[in-house]
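Where a number appears in this text, it was derived from the coordinates with a stated rule and is not lab data. Model, not experiment: these values are computed from the prediction. Here the Cβ positions follow ideal geometry from the backbone for every residue, glycine too, while neighbour counts run over all protein chains shown.
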Amino acid sequence: AVRALTRQDLAGERVLVTAGPTLEEIDPVRFISNHSSGKMGYSIARAARRRGAEVVLVAGPTCLDDPWGIETVHVCSAAEMRDAVMERVAASTVIVKAAAVADYRPKSRATGKIKKSADALVLELEKNPDILAEVGRMKGDRVLVGFAAETNDLVENARKKLTGKNLDLVVANDIGQAGAGFNVDTNIAKLLHRDGRVEELPLMGKDEMATIILDRAAGLRKQGMR
Ligand code: CTP
Ligand code: CA
């Protein structure tokens, strides 16, 4: 009944969404991760499904239930997320990368629990692949939406991600601001467009923000098809 009331403006679109953190194992007991709750990405996936899209959600570890009607692929590490995403890029028309991917992973994973001994312990890290940048290099006519989490120089840094990763839209979050970013139900963001426009969105719920992000993505798909 709810679906019948929702405009099916994403019918025919195949939307790939990533959400949540990634988790990089240090040993069988410990890991490196971040504060992403997955809420923003899950909101986008649900909203896209309601609007008629076929949706695949690639999710790092979160406390959220699998959304109804959506193929949800669970991954842990950035490397696993990369493989799950790259397998599905070709079949997608819209890709939204809301996941907070760990930039680095332990250079080696200890097979046994690391025992406490010395007073200091140095952990060597190596860089993870940038999934979004890799998708950007094979973008074609897909609509590609990225996120940027910044504490300083929000617009300048987010603009670099837009151009550097070949994106259509960046959702830039000032994570220094109360009510934005990690582990809350609300978000404050600026939307950076390819043509240089910056839309300042007020504080709003993540479901509401998902609607706006998908409005812009749907608009870009329609433009591209003309
Ligand atoms: N991203 C990704 N793979 C990575 C790192 C980031 O796909 N290894 C994606 C995120 O999903 C997000 C966007 O890139 O959509 C920006 O993430 P962010 O962490 O803000 O930027 P980085 O490019 O990692 O740069 P930095 O952390 O130094 O600001
Ligand atoms: Ca990063």
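When you scan segment 143-152, do you find a residue that is under 19 Å from Phe31 (Cβ atoms) and part of a strand (DSSP E or B), even just one? It would help to see each step written out before you state the result.
To start, the set of residues in segment 143-152 that are under 19 Å from Phe31 (Cβ atoms) comprises none.
The answer is no, given that none of the residues of segment 143-152 is under 19 Å from Phe31 (Cβ atoms) and part of a strand (DSSP E or B).
With the requirement that a residue be among the small types (Gly, Ala, Ser) and farther than 21 Å from Arg142 by Cβ, what does segment 160-195 give you?
Selection gives Gly176, Ala178, Gly179, Ala180, Gly181, Ala189.
Filtering segment 1-25 down to residues that are within 18 Å of Pro129 (Cα to Cα) and surrounded by fewer than 20 Cβ atoms within 10 Å (Cβ to Cβ), which residue is nearest to the chain's Cα centre (by Cα)?
Leu23
Could you tell me whether Asp141 is at positive phi and more than 17 Å from the chain's Cα centre (by Cα)?
Taking the combined requirement at face value, the residue does not satisfy it.
Count, please, the residues in segment 98-129 that happen to be near ligand 1 (Cβ under 8 Å from one of its atoms) and assigned to a loop (DSSP other than H, G, I, E, B).
Within segment 98-129, residues that are near ligand 1 (Cβ under 8 Å from one of its atoms) and assigned to a loop (DSSP other than H, G, I, E, B) number 7.
Can you tell me which residue is surrounded by the most Cβ atoms within 10 Å (Cβ to Cβ) among those in segment 95-140 that are under 30 Å from Thr163 (Cβ atoms) and away from ligand 2 (no atom under 16 Å from the Cβ)?
Once the filter is applied, the top-ranked residue is Val96.
Give me the pairs: first residue in segment 98-110 and charged (D, E, K, R), second residue outside any loop (DSSP other than H, G, I, E, B) and more than 15 Å from ligand 1 (Cβ to nearest atom), beta-carbon distance under 7 Å, and six or more apart or on different chains, which are they?
Between residues of segment 98-110 that are charged (D, E, K, R) and residues that are outside any loop (DSSP other than H, G, I, E, B) and more than 15 Å from ligand 1 (Cβ to nearest atom), the close pairs are Arg109/Glu25.
Based on what the data block shows, is Arg82 assigned to a loop (DSSP other than H, G, I, E, B) and on the phi < 0 side of the Ramachandran plot?
On the way: assigned to a loop (DSSP other than H, G, I, E, B): no; on the phi < 0 side of the Ramachandran plot: yes.
So Arg82 does not fit the description; no.
Within segment 156-172, track down each residue that is part of a helix (DSSP H, G or I), within 8 Å of ligand 1 (Cβ to nearest atom) and basic (Lys, Arg).
Lys161
Being near ligand 1 (Cβ under 7 Å from one of its atoms) and in contact with a Gly (Cβ under 7 Å, 6 or more places away or on another chain) is true for just one of Leu144, Leu132. Which residue is that?
Leu132
All but one of (1) more than 18 Å from Glu208 (Cα to Cα); (2) touching a residue at least 24 places away in the same chain (Cβ under 8 Å) hold for Asp83; which doesn't?
Unmet condition: (2).
In segment 141-155, what count of residues is obtained for those that are away from ligand 2 (no atom under 16 Å from the Cβ) and without any contact (Cβ under 8 Å) to a residue 60 or more places away in the chain?
3
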